[in-house]
Amino acid sequence: MNFKKIEDLLRFLKENGNWDSVYEHSNALEVALTSQSIDDIFGLITKDSSAPLIYESGCGSGVTTAQICSDLSERGINKYRLVAHDVRKSLVELARSRFSDNDNVGLELRSGSDYSDIPDESVDGIFSLNTMVPFLHAYYCVEKDSQAHRDYLRETSRVLTEEKPLILTYLWKSLVLVKNSKIDKDIPFRVKLYSNHPAVEIFLKVLDEPFKK
């Protein structure tokens, strides 16, 4: 089955009941990454930043948002700004009520590919945990190496500060990229780690990186 637009895929998942079992997984980082990798990621996010700005794409009702907050707290990081966003208004409202007493967290109705109002090199980390966006977008789109993937990676690399990470997970699969402007490529990401998965392979193809079976 092919989907020409991400909205068509999201509608299919919602209508067929295949969304929330993955979307609301409460241990997304621990399932997809080792404890050392998680430590390394938060080390990158907090490096040279006393109050990191973090975005979470596809926050749902805030289950994975709470996990990120917990991981920050466990590492003694109590001063930060986490902007969580989703394309579904009902879930954004639910997440907003969950974090009404947490001044560190803000909720927005926003697509993960729309950061046009965010300044260049202003973000310390971007999480996309078990959202199926962009992983299933990559997997189900009509053109496996589509402009949508390039646009997504280009936009996230634009807003990320140098040497800051983009973390994508889907169940036990993961792709962690780090902004590096010294790379002479259109999309300046270096691959920190990844899991074998068709969707990951597509992203590596966009980045002109080899995929090892």
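The values are calculated or read from the model by the stated rules, or taken from the named source; none is laboratory data. This is a predicted model, so every value here is computed, not measured. As a convention, Cβ positions derive from the backbone with ideal geometry for all residues, glycine included, and neighbour counts pool all protein chains shown.
Scanning the range 51-73 for residues that are small (Gly, Ala, Ser) and farther than 22 Å from LEU153 by Cα returns ALA51, SER61, GLY62, ALA66, SER70, SER73.
Could you tell me which of the residues TYR140, TYR115 is modelled with pLDDT under 95 and under 16 Å from the mean Cα position of the chain (by Cα)? Show your work before the answer.
Working: TYR140 fails: under 16 Å from the mean Cα position of the chain (by Cα).
Checking each option against the conditions leaves just TYR115.
For the range 57-67, state whether one or more residues are under 17 Å from the mean Cα position of the chain (by Cα) and assigned to a strand (DSSP E or B). Yes. The residue pairs whose first member lies in the range 63-79 and is basic (Lys, Arg), whose second member is exposed (fewer than 12 other Cβ atoms within 10 Å of the Cβ) and modelled with pLDDT of 95 or more, and whose beta carbons are closer than 9 Å, counting only pairs six or more residues apart or on different chains, are ARG75/GLY43.
Can you pull out every residue in the range 193-211 that is in contact (Cβ under 8 Å) with a residue 60 or more places away in the chain and not in a helix (DSSP H, G or I)? The answer is LEU193, SER195, HIS197.
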